[in-house]
Amino acid sequence: MNNQNTPVHIRLWHHEFWLLVIADLLLTMSVYMLIPTFPQWLMAEQQLTPAQTGISMAAFALGLYLFGSQCSWLVQRYRRNMVCIWAIAALALNVLVLGYFSPLTTFARALIHRVALGAAFGLTQMVLTSTLIIDTCESHQRTEANFGAAWFSRFALSLGPLVGLAVALLPAHRYLAPLGCHLSQMTSILFVSGILALVSQLLISRVSFPFRTPEEGVSVVSLDRFFLPSGFVLFFNLLLISTVIGLILSLSMSLLFYALMMGGFLLALLAQRFVFRNAELKSEVISGLILLLASLLVLLVYPTSLVAPLLIGTAVGIISSRFLLFFVKLSRHCQRGTSQSTYFLSWETGLTLGLGLGYGLFYDARDVLIYTCLAVTVTSLLMYHFLTHCWFLKHKNR
């Protein structure tokens, strides 16, 4: 039977590894806090149209690629942990400055903010996942390290919006007004986002990385640690799936939705350990896509159902973790970091495009959005079954 399992090594989860994965969680939460709150604020308070809001949200995807081709040169030219720390500082400064000038936000400033946020986040994640996390592990533990760290980023997809919505419901200005501070709701959210990023920066600075002599002849622009061209089929298939998730999240979702989505992530972890432990390799992605289809049908018929977010969380957990391992297995010995960045770009690009399309094309057209999600999910399922899986088995290197 063609199956794969990820072993568990207790020694992997040492102090420095914990610091890095928690930093990854907090950093991703700081960005994902803005998924349900930022577009609503742009439309309600800044009077942007749904089309302008959709373009602003989608601009984040452009920023993800701005520094990717220089990532390898940067970590060779400068200390790799300092590149990550300064990128996080730029991310925190971006959201804090926007929070300070939030009453003056225009369409152009929203675009600049989203592109800059994507650029800082993209560079940070590429360095963190492709270099720092695997540098703290033994070579035989690196696949498990990638797998475990990715789960912390995945948790942020529910925990980040949960924190953002909670801050929106309990704005800081209620408590700081007696002290003479008057913070708007969005300013409070951006302030908390910046604080999470700075705490992430502090945790990374606590990890010691020995000096590494730079390699000779490293090109300023390269695909190393950035994009794996041989993984394009996986990249496109995952992008379609994450676009569906972005479209779903562009609907107005409640605190309960994201809390139940977190429950779905936990169910996915249990399913991987017990249900799919010795299952055929294709079964995970196929099962995840079927669960995603079921959740969309439930959302179509019962918009307030508590089952749909559980199914979505379970589907996302199963599908995305398996695709991550596919990228790792596809890479050659010296391409592990590049495979991680390619997986990250595929997921984030699709998620961001889904959010942009959801606000820009399907705002106030909920049923049309769900029908579109159904069509894209069926396309993803057919593509995976008839093309991607066979292609992966033919081209994998591990």
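The values are calculated or read from the model by the stated rules, or taken from the named source; none is laboratory data. Everything numeric here is computed off the predicted structure, so don't read it as measured data. Here the Cβ is made from the backbone with ideal geometry for all residues, glycine too, and neighbour counts use every protein chain on show. With ligands, DNA and RNA removed, areas are computed over all heavy atoms of the protein, side chains included. Shrake-Rupley method; radii C 1.70, N 1.55, O 1.52, S 1.80 Å.
Could you tell me the relative contact order of the range 1-149? Use alpha-carbon pairs under 8 Å, at least six residues apart, and round to a whole percent. Let's see the in-between values first.
Details: 129 pairs, mean separation 55.0, N = 149.
Here the relative contact order equals 37 percent.
Assuming R0 = 41 Å, can you tell me the calculated FRET efficiency for the pair TYR302 and ARG212, based on Cβ-Cβ distance, to the nearest 0.05?
Numbers: r = 55 Å, r/R0 = 1.34.
Result of the calculation: an efficiency of 0.15.
Can you give the Rg/Rh ratio of the range 272-394, where Rg is from the C-alpha atoms and Rh is the Kirkwood radius? Present the calculation step by step, with values, prior to reporting the outcome.
Values: Rg = 15.8 Å, Rh = 15.8 Å.
Reported Rg/Rh (Cα atoms, Kirkwood Rh): 1.00.
Can you tell which of ASN94, ASN278, ASN81 shows the greatest fluctuation in a Gaussian network model of the chain with Cα springs below 10 Å?
With Cα springs under 10 Å in the chain, the top fluctuation among ASN94, ASN278, ASN81 is at ASN278.
From the gyration tensor of the Cα coordinates in the chain, what semi-axes in whole Å does the equivalent ellipsoid have, largest first, with each one equal to sqrt(5λ)? Write out the running numbers ahead of the final one.
On the way: eigenvalues 188, 152, 74 Å².
Gyration-tensor ellipsoid for the chain: 31, 28, 19 Å.
Hey, got the Cα dimensions of the range 333-394 along the principal axes, in Å, largest first?
Extents along the principal axes: 48, 26, 9 Å.
Any idea which of SER305, ALA87, SER193 is furthest toward the positive side of the dipole for the chain, if Lys and Arg beta-carbons carry +1 and Asp and Glu beta-carbons -1?
Towards the positive end, the residue furthest out is ALA87.
Which order do the peptides 317-325, 303-311 come out in when sorted by mean C-beta neighbours inside 10 angstrom, highest first?
317-325, 303-311
Span-like helices, the chain: DSSP H, alpha-carbon axial extent 18 Å or more, mean Kyte-Doolittle 0.0 or greater, which ones?
Numbers: long enough: 15-32 (26 Å, 1.36); 50-64 (23 Å, 1.11); 80-100 (30 Å, 1.63); 107-127 (30 Å, 1.12); 142-169 (40 Å, 0.88); 185-205 (31 Å, 1.72); 232-249 (25 Å, 2.65); 255-270 (23 Å, 2.34); 283-301 (27 Å, 2.50); 307-330 (35 Å, 1.83); 336-360 (36 Å, -0.03); 366-383 (25 Å, 1.46).
What comes out of the filter, once short or polar helices are dropped, is 15-32, 50-64, 80-100, 107-127, 142-169, 185-205, 232-249, 255-270, 283-301, 307-330, 366-383.
Report the residue, chosen from GLY217, GLY118, GLY354, that carries the largest GNM mean-square fluctuation when the chain is represented by alpha-carbon nodes joined by springs under 10 Å.
Answer for the Gaussian network model of the chain: GLY217.
Suppose all protein chains stay in the model; what accessible area per residue would a 1.4 Å probe give for the range 230-368, in Å²? Mind dumping the intermediate values first?
Working: 4890 Å² over 139 residues.
Normalised by residue count, the accessible surface of the range 230-368 is 35 Å².
Express the C-alpha Rg of the range 205-350 as a ratio against the empirical globular expectation 2.2 N^0.38 Å, rounded to two decimals. Intermediate values should be presented prior to the final figure.
Working: Rg = 18.2 Å, N = 146, 2.2 N^0.38 = 14.6 Å.
After normalising by residue count via 2.2 N^0.38 Å, the value is 1.25.
In the Gaussian network model of the chain, springs joining C-alpha atoms below 10 Å, which of TYR65, TYR343, TYR371 carries the largest mean-square fluctuation?
In the Gaussian network model the winner is TYR371.
Using alpha-carbon positions, what is the distance between the centroids of the range 241-266 and the range 47-78, in Å?
Using only Cα atoms to place each centre, the spacing works out to 23 Å.
Can you pull the accessible area of MET29 for me, 1.4 Å probe, Å² to the nearest 10?
So the heavy atoms of MET29 present about 20 Å² to solvent.
Quick check for me: using +1 on Lys/Arg Cβ and -1 on Asp/Glu Cβ, what's the dipole size of the chain about its Cα centre, in debye to the nearest 20?
Details: 23 positive and 14 negative charges, 131 e Å.
That gives the chain a dipole magnitude of about 640 debye.
Hey, if you put +1 on the Cβ of every Lys and Arg and -1 on every Asp and Glu Cβ in the chain, which of HIS395, VAL221, PHE107 ends up farthest toward the positive end of that dipole?
Sorting the options by dipole projection puts first HIS395.
What percentage of the solvent-accessible surface of the chain, computed with a 1.4 Å probe over protein heavy atoms, is contributed by carbon and sulfur atoms? Walk me through the numbers before you get to the answer.
Working: 11260 of 16530 Å².
The value for the chain is 68 percent carbon and sulfur by accessible area.
What residues of the range 332-358 lie in the reach of a label at ALA51, counting those whose backbone N is under 18 Å from a point 7 Å from the Cα along Cα→Cβ?
So the set is 356-358.
Rounded to the nearest angstrom and ordered from largest down, what semi-axes does the equivalent ellipsoid of the range 67-158 get from its C-alpha gyration tensor (root of 5λ)? Intermediate values should be presented prior to the final figure.
Working: eigenvalues 172, 52, 20 Å².
Working from the Cα gyration tensor, I get semi-axes of 29, 16, 10 Å.
Could you tell me the relative contact order of the chain? Use alpha-carbon pairs under 8 Å, at least six residues apart, and round to a whole percent. Intermediate values should be presented prior to the final figure.
On the way: 637 pairs, mean separation 107.3, N = 398.
So the answer I get is 27 percent.
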